[in-house]
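Let me give you the structure first, and then I'll get to my questions.
Every number in this text was worked out from the coordinates using simple rules, so none of it is lab data. What you are looking at is a predicted structure, and each value in this text was computed from that prediction instead of being measured. Cβ placement follows ideal geometry from the backbone for every residue including glycine, while neighbour counts extend to all protein chains displayed.
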Amino acid sequence: MTNKNLEKVAGNGLLNRRHLLGMGLGGAGMAVANTVLGADSGPLQIPYWSRQPGPGASPFGDRSRYAPQLERMSGSPNPTYPGGGASRSPLQHLQGTITPNALHFERHHAGIPDIDPAQHKLVINGLVRQPLVFSYEDLLRYTMVSRIYFLECSGNSGAVLRRDTPDPNGTAQSLHGLVSCAEWTGIPLSTLLDEAGVLPEANWIAAVGADAASMGRSVPLAKAMDDSMLALFQNGEPVMPGQGYPMRLFNPGWEGNTSVKWLTQIKLTNGPVHFRDETSKYTDTLPDRSSLQFTFPMGVKSLITSPSGQMSLNQRGIYRVTGLAWSGSGSIRRVEVSADGGRSWADALIDSERHEKALTRFSIPWEWNGGSAILQSRATDSAGNVQPTRQSILDERGNIATYHFHGIQSWSVNNAGEVRDAHA
Amino acid sequence: MPMLKRIASITALLTVAATSFLASSQETVRLGTPISESQLANFDLIAQPNGNGLPAGSGTARQGKAVYDARCAACHAANGEGISAATIIVGGDMQSEGEPLRTVGSYWPEASTVFDFVRRAMPADAPKSLSDDEVYQVVAYVLFLNGIIGEDQELNASTLPRVEMPNADGFIDQSAIH
């Protein structure tokens, strides 16, 4: 099966990424006879759907009934935490970089409020020359910008650090599904803060949501005046209720919880408020028992989404190894892939645009010879940050707290072709 | 403003706009409606470590026991020991062997955080249903259960910010790292 024309670029079957660019994958990878398309199946016929008109246009689109009925994965309700919890995006079944709105991950602290935008208010007060209140209708008249950004819960992937042994049932979705990416459209926050007139002594903002928990987070004024936005639209439609309808704060690249949903108040302050969700939660206790607080940019990270946990390789041959990379500190400069547990690495092809603070798609051809393998990916961002190994993070900060984990994910492949979570 | 200086400042603004990541606000509408802080007295619930935003009212732990038993104990149990890992609010020691139990008493750095969170988010099934006095009382009771204040120590807008939390110095601010 091995085609000598395919250039091996790293151990255990990794092939030059140029082979994904139409340079000779076909001859080798597809050599095994396909029973559906093969010569033995007789002459091809025009299918029945080409012989009758289908239904016409509809007000709201639906998926093909033959397409995978992709769903988010959510935990079971907790009676002591009504409305709390999370749902995770099915990363292993998505391609490209944009997460469909209905599949964008969620994390709620007191459920989704049922907000009538006609009654919703956004207040800016505190250390400003003139406190202001805005209606939804007012805000729709402002100049807006559109940017593609990832959003990641800082608790994403924490189980990978927490667990002493790999998760035998782990998938890309269950382990890493608290990250998504969308085009967000809204008003630069600086526009609204300038209108209220920030006083010189203000150096943080306190953002509060209109959910039952009135979830609040403090954000340094410098970020608020840089690229933070009041997001009103998500992939072209009003932000979903689970994402903060009618409006949310969006802090590009920063831990998701700071992008307060259902935003109803911004208070200019001197110093952070020390809300519960920036003290008790979203802080990382180190082995010496001090705790890191206000860890904002999400670290450079990547993940192979296919093949990934619970998938099976059904035959030897060439596979497209693909995944996602992102960084809260810039764009993705490089992604490397290893098939031998990190002993050797090969550069992957970057398939998508390399937007700042956005999911970026990579891929590389890999020839599975039927033996065991450990697949890994390692991202480098435009600031030069390199994704660390799980072990190096464990050595550095232990696992008392598991927020902000961005270590390398390992997937093992056994000689039966079964793909599982692994620690390597 | 003299014309030349004005042109210079407009040029400066345009330069900032061109190099800034997001669009300049110079060409947008100004539609915010002025409102006074007094009109926000029932709306702005933010309580800060320096006491800014704490409302009038007061309470002691002795007063708070009844409120706690009625409104909090179902989830946090009779003495704050909780009914699950996530509902434990009493005990713990950051310097203990093994993984430290992190609670209001052992972990939270500011007393204002307890007040702010209880006032806005608790009880979880009926947030914002406690009066300001009841919030002071319950916060006093939780701090008393943690051995941080006395049973008859009154919490109010001036005493609460002075409560010394055991782990107040346990945090390292990472916000300067971008």
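Total Lys pairs in chain A closer than 28 Å by alpha-carbon, pairs eight or more apart in sequence or interchain only?
18
Now a separate question. As a test of the definition: which semi-axes, in Å, follow for the stretch A:248-370 when you take the square root of five times each eigenvalue of its alpha carbon gyration tensor? Largest first, please.
Equivalent ellipsoid semi-axes, largest first: 38, 18, 13 Å.
Averaged over peptide A:287-294, how many Cβ atoms belonging to another chain are found within 10 Å of each residue's Cβ?
If you average over the peptide's residues, the count of other-chain Cβ atoms is 6.
Residues with beta-carbon under 15 Å from that of residue A:329, excluding residue A:329: net charge, scoring Lys, Arg +1 and Asp, Glu -1?
0
Would you work out the charge dipole size for the protein assembly as shown about its Cα centre, treating the Cβ of every Lys and Arg as +1 and the Cβ of every Asp and Glu as -1, and quote it to the nearest 20 debye?
Computed about the Cα centre, the dipole is about 1780 debye.
Could I ask something else about it? Cα atoms only: what Rg and Dmax, in Å, come out for the protein assembly as shown?
26.9, 91
Also: Would you mind classifying the stretch A:301-422 by shape? Square roots of the alpha carbon gyration tensor eigenvalues, ordered a ≥ b ≥ c; an a/c under 1.5 is rounded, otherwise it is prolate if a/b is larger than b/c and oblate if not.
oblate
Students often forget the sequence filter, so: which aspartates and glutamates lie under 14 Å Cα-Cα from residue B:128 once same-chain residues fewer than 8 apart are removed?
A:211, B:44, B:116
Other chains near B:158-165: what is the mean number of their Cβ atoms within 10 Å of each residue's Cβ? It would help to have the intermediate numbers written out before the result.
Working: counts 0, 0, 0, 0, 0, 0, 0, 1.
Other-chain Cβ atoms within 10 Å of each residue's Cβ, averaged: 0.
Next question. What does the net charge come to around residue A:207 if you take all other residues with beta carbon closer than 9 Å to its beta carbon, with K and R at +1 and D and E at -1?
+2
If you filter the stretch A:344-424 for chymotrypsin sites (Phe, Trp or Tyr not before Pro), then keep DSSP loop positions with at most 10 other Cβ within 10 Å, what is left?
For chymotrypsin sites (Phe, Trp or Tyr not before Pro) across the stretch A:344-424 that sit outside H, G, I, E and B with at most 10 neighbouring Cβ atoms in 10 Å, the list is empty.
If you don't mind, there's one more thing I want to ask. Going by how many other Cβ atoms sit within 10 Å of their own, how do B:163, A:300 line up, fewest first?
B:163, A:300
Hey, another quick one. Can you tell me the dipole magnitude for the stretch B:57-162 around its Cα centre, using point charges on the Cβ only (Lys, Arg +1; Asp, Glu -1), in Debye to the nearest 20?
It comes to approximately 240 debye.
Take peptide A:258-265, look around each residue's Cβ out to 10 angstrom, count Cβ atoms belonging to other protein chains, and average those counts.
Neighbouring Cβ atoms belonging to other protein chains average 1 per residue here.
Around residue A:74, under 10 Å between beta carbons, what's the net of Lys plus Arg minus Asp minus Glu among the other residues?
0
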